[in-house]
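Q: First the structure, then my questions, so here it is.
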Amino acid sequence: MNEIGLSQVLFVSCALFFIGIYGFLTRRNMITMLMSVELILNSVNINFIAFNKYLFAHKLDGLFFTLFIITIAAAEASVAIAIIINLYRNYHTIDVEEVDTMKF
Amino acid sequence: MDFYDILFWILSVMAVGCALGVVLSRNPIHSVIFLILTFFAISGHYLIMNAQFLAIVNIIVYAGAIMVLFLYILMLMNLNADAEPQKGLLVQIAGILSGGTLFLVLLAATKSAHNEEINKVSTNVGLITNLGKLLFTKYVLPFEISSVLFLTAMIGAIVIGKKEPQLKNGEEHIA
């Protein structure tokens, strides 16, 4: 337990992932849900870098997966924020329970 | 316990604690601040794990750009007037159960997996020189595709976020 190995890193990323899942399921504020998604993406990034370091230390493929995940997360955040602004303009709330026009 | 182990555990406690703060705090502004702290801790993890360039990119893109965007949105929306209502107790219990059981299963799986030794290699494998060489040779196609993706996301964000023109009475909105 003294030496940090792969499993210790995986514990941390696992904890972050499920904190993100919990936040995504229980919050109603759409911005906080989006932040939980960012948390989930970052835990996956930690996993990629840890596996890259401990298993394939001479390659860089894990780092490139992380780089492209960060890229896509930025694009996703911008589009999601545009959707949130539009939602707020039309409904004057970003509570996901209040927006049920397409539900019934 | 050498220096890296202590650093690793400090960063881990910081990351998990701040992530809990993101999920549990009522005020969305506090959530954003906690999330920025979480990203700094994660960048510290990247530094330990020989990914120096990605640590900087993480700080610039996430903590610098995306989180500032979130803060602006929160300040535009004036959400602090009424505290955000939480979901019911049933949903919270369901969230804890589904998240917690999956967490336990994955924790057990990683614990029983056999532990790889750290192989000592040069620590500058994650510097920008190596990454850049590979980015413009092997990964040039995903690189170009991501630029197209960014253009699409930019146009999409502008189109979605644009203010709709005010309709006159009796006029039908087209498209």
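The values are calculated or read from the model by the stated rules, or taken from the named source; none is laboratory data. These figures come from a predicted structure and were not determined experimentally. Glycine also receives a Cβ, built like all others from the backbone with ideal geometry; neighbour counts cover every protein chain displayed.
Q: I'd like the residue in segment B:1-12 that is more than 17 Å from the chain's Cα centre (by Cα) and assigned to a helix (DSSP H, G or I) and, out of all such residues, is surrounded by the most Cβ atoms within 10 Å (Cβ to Cβ).
A: B:Phe8
Q: Sticking with this structure for a sec: Step by step: first the residues of segment A:1-18, then only those that are aliphatic (A, V, I, L, M) and at the interface with another protein chain (Cβ under 7 Å from one of its Cβ atoms), then the one that is farthest from A:Ile94 (Cα to Cα). Which residue is that?
A: The residue in question is A:Ile4.
Q: Taking only segment B:114-134 into account, find how many residues are within 7 Å of chain A (Cβ to nearest Cβ) and at pLDDT 80 or above.
A: So the count comes out to 3.
Q: In addition: Out of the residues in segment A:61-74 that are crowded, with 22+ Cβ neighbours inside 10 Å and hydrophobic (A, V, I, L, M, F, W, C), state the one that is farthest from A:Glu98 (Cα to Cα).
A: A:Leu63
Q: Continuing with this model, one more query. Quick one: which residue in A:Ile46, A:Ile31, A:Ile21 is farther than 24 Å from B:Ile59 by Cβ, of a type in the set (Val, Ile, Thr), within 15 Å of the chain's Cα centre (by Cα) and facing chain B (nearest Cβ under 7 Å)?
A: Exactly one of A:Ile46, A:Ile31, A:Ile21 is farther than 24 Å from B:Ile59 by Cβ, of a type in the set (Val, Ile, Thr), within 15 Å of the chain's Cα centre (by Cα) and facing chain B (nearest Cβ under 7 Å), namely A:Ile21.
Q: Now for a different question. Only one of A:Leu6, A:Leu63, A:Leu87, A:Leu55 is of a type outside the set (Lys, Arg), over 14 Å from the mean Cα position of the chain (by Cα), modelled with pLDDT of 85 or more and farther than 20 Å from B:Val57 by Cβ. Can you tell me which?
A: None of the other options fit; the residue is A:Leu87.
Q: A further question follows. Does segment B:139-159 include one or more residues that are in a loop (DSSP other than H, G, I, E, B), more than 8 Å from every other protein chain (Cβ to nearest Cβ) and at pLDDT 85 or above?
A: So far as segment B:139-159 goes, no, none of its residues is in a loop (DSSP other than H, G, I, E, B), more than 8 Å from every other protein chain (Cβ to nearest Cβ) and at pLDDT 85 or above.
Q: Starting from residues that are buried (at least 17 other Cβ atoms within 10 Å of the Cβ) and farther than 17 Å from B:Met75 by Cβ, keep the ones in segment B:21-33 and report whichever is modelled with the lowest pLDDT.
A: Filtering first and then ranking leaves B:Val23.
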